[in-house]
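> Attaching a single structure in C-alpha cells format; questions to follow.
The values are calculated or read from the model by the stated rules, or taken from the named source; none is laboratory data. Bear in mind that the values here come from a model prediction, so they are computed numbers and not experimental data. All Cβ positions, even for glycine, are placed from backbone atoms using ideal geometry, and neighbour counts span all protein chains on display.
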C-alpha cells in the first residue's frame, strides 16, 4: 500500500499542472470574450483627449466591438496615455570653397645717365563659392500606449503606437488607427485559437 500512495503523490503535481493555463493562453481567452469596451480618459492633456475620441471612432468603425460610455457595462476598459506634439524640424547647412593665390616679382635699376630698368611680374587667382541652406518644417508626432484591462483587473492586451502622420491621416488619427487595427487583429487571432 505504501508504494501505491507514493505513486499517487508523484502524479498529483502533473494533474495540477494540466489544470493551469499559460498566461498567454489565459489572456487570449479573456481577449476572445471581449465584446463591449469602455475607453477611459487617457493621460497626457488635451491632445490625449483627442486621441481618445479617435480611438473610440476607430474601434467602433472596426465593427468588432461595441464602444460604451458606461464603464460598468464594459467587458474591458482601454486605459493608457497619449500625446500629440507639434514641433519645428530645423535643418541648416553651409558649404564653401575658396582659393587665393598671389605671385609677384619686381625689380628696378637706375644709373646716373638716367637709364633705368624695371622688371615687374604679377599674377593672381581668386576662386570662391559659398552656399547655405536653412529649412524649417512644422511636424506633428503622436504617440499612444494603451492596455485593455478586464473586469478582474488583469491586463489582457497592450500596445504602443507612434506616428508622424500618414498619407491621408494626421499623426493622432494614424496612431488611433494603428492601435485599433492591432487590437482587431489580436482579437481575431484569439477568437480563432479559442
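> Go over the candidates 144, 159, 190 one by one and state the one that is touching a helix residue (DSSP H, G or I) at 6+ places or on another chain (Cβ under 6 Å) and in a helix (DSSP H, G or I).
None of the others qualify; the one that does is 190.
> Residues 115, 192: which one is modelled with pLDDT under 75 and surrounded by fewer than 16 Cβ atoms within 10 Å (Cβ to Cβ)?
Numbers: 192 fails: modelled with pLDDT under 75.
That would be 115, the only listed residue that is modelled with pLDDT under 75 and surrounded by fewer than 16 Cβ atoms within 10 Å (Cβ to Cβ).
> With the requirement that a residue be within 21 Å of residue 188 (Cβ to Cβ), without any contact (Cβ under 8 Å) to a residue 12 or more places away in the chain and not in a loop (DSSP other than H, G, I, E, B), what does segment 44-70 give you? Before the answer, list the steps.
So in segment 44-70, the residues within 21 Å of residue 188 (Cβ to Cβ) come out as 55-68.
Checking which are without any contact (Cβ under 8 Å) to a residue 12 or more places away in the chain leaves us with 60, 63.
Scanning segment 44-70 gives a single hit, 60.
> Just to verify a result, which residue in segment 130-157, among those that are surrounded by fewer than 19 Cβ atoms within 10 Å (Cβ to Cβ) and closer than 23 Å to residue 70 by Cβ, is nearest to the chain's Cα centre (by Cα)?
147
> Check 60, 30 and return the single one that is surrounded by 10 or more Cβ atoms within 10 Å (Cβ to Cβ), under 25 Å from the mean Cα position of the chain (by Cα) and at pLDDT 80 or above.
60
> Further question on the same structure: If you take the residues of segment 158-172 that are buried (at least 21 other Cβ atoms within 10 Å of the Cβ) and in contact (Cβ under 8 Å) with a residue 24 or more places away in the chain, which of them is farthest from residue 78 (Cα to Cα)?
Out of the qualifying residues, it is 171.
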